[in-house]
Amino acid sequence: METSRFGRGVAYLGAASVLVACLGGCTGSMPSLGGFGSSPQPVEQAAPAVEPEIPGTIRPDEIVGRWGLASFHKPDDRLRTENAARGQCKQPYVINPGTSGGIIMHLADEATPQELRIKGSRSGKNYIGPPGPAGGEKDREIVSFDGRVLITRFLDKDANGRYGTMVYVRCAPRA
């Protein structure tokens, strides 16, 4: 009888050791069997590489100026919206140059304009937004630009839903 109790005790101890070894591998906070009492070395995770800001293919001085502004939600309304934007040149939206190479514009839902960057991307798209990686939530994508008409859309779905696709039509210079 003593031998069977001893055998059961050894079996329980063996099962507990296996369980501890399995759990130690899962949590990383328990010592491994090979280290007996030593704490595991922390695994260093590589920090995500911060991509350097890529300059846009559109220069800030190409955007600076006076613009008629209107927006649309349905692509079929684009031509009508461009004509409506031309009519807004009596009260133009003015884009000024920034002090550090950007342009002064409004972010979505911001009353005060601020200096924004024209940022490029590996895909070839251009964005207007605060400093940081291109394609951020506060950025707007430049859908098209031909020097006279600038079309942008906010990347934030909520802002894009409220404001739609923005159409800027360059106003003729004052005579």
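Among Thr81, Thr99, which is the only one that is modelled with pLDDT of 95 or more and assigned to a loop (DSSP other than H, G, I, E, B)?
Just one listed residue meets the conditions, Thr99.
Can you tell me how many residues within the stretch 161-171 are crowded, with 18+ Cβ neighbours inside 10 Å and not basic (Lys, Arg)? Outline the logic, then answer.
To start, the set of residues in the stretch 161-171 that are crowded, with 18+ Cβ neighbours inside 10 Å comprises 165-171.
Imposing the further condition that a residue be not basic (Lys, Arg) reduces the set to 165-169, 171.
The total comes to 6.
Would you pick out the residues in the stretch 124-152 that are assigned to a strand (DSSP E or B), crowded, with 16+ Cβ neighbours inside 10 Å and not hydrophobic (A, V, I, L, M, F, W, C)?
To start, the set of residues in the stretch 124-152 that are assigned to a strand (DSSP E or B) comprises 126-129, 140-145, 149-152.
Then drop every residue that is not crowded, with 16+ Cβ neighbours inside 10 Å, which leaves 126-129, 140-142, 145, 149-152.
Residues satisfying the conditions are Asn126, Tyr127, Gly129, Arg140, Glu141, Thr152.
Of everything in the stretch 102-123, what is in a loop (DSSP other than H, G, I, E, B) and touching a Leu at 6+ places or on another chain (Cβ under 8 Å)? Give them in sequence order.
At the first step, the residues of the stretch 102-123 found to be in a loop (DSSP other than H, G, I, E, B) are 102, 106-113, 121-123.
Of everything in the stretch 102-123, those that are in a loop (DSSP other than H, G, I, E, B) and touching a Leu at 6+ places or on another chain (Cβ under 8 Å) turn out to be Gly102, Leu107.
The values are calculated or read from the model by the stated rules, or taken from the named source; none is laboratory data. Bear in mind that the values here come from a model prediction, so they are computed numbers and not experimental data. FYI the Cβ positions are ideal-geometry reconstructions off the backbone, even for glycines, and counts take in every protein chain you see.
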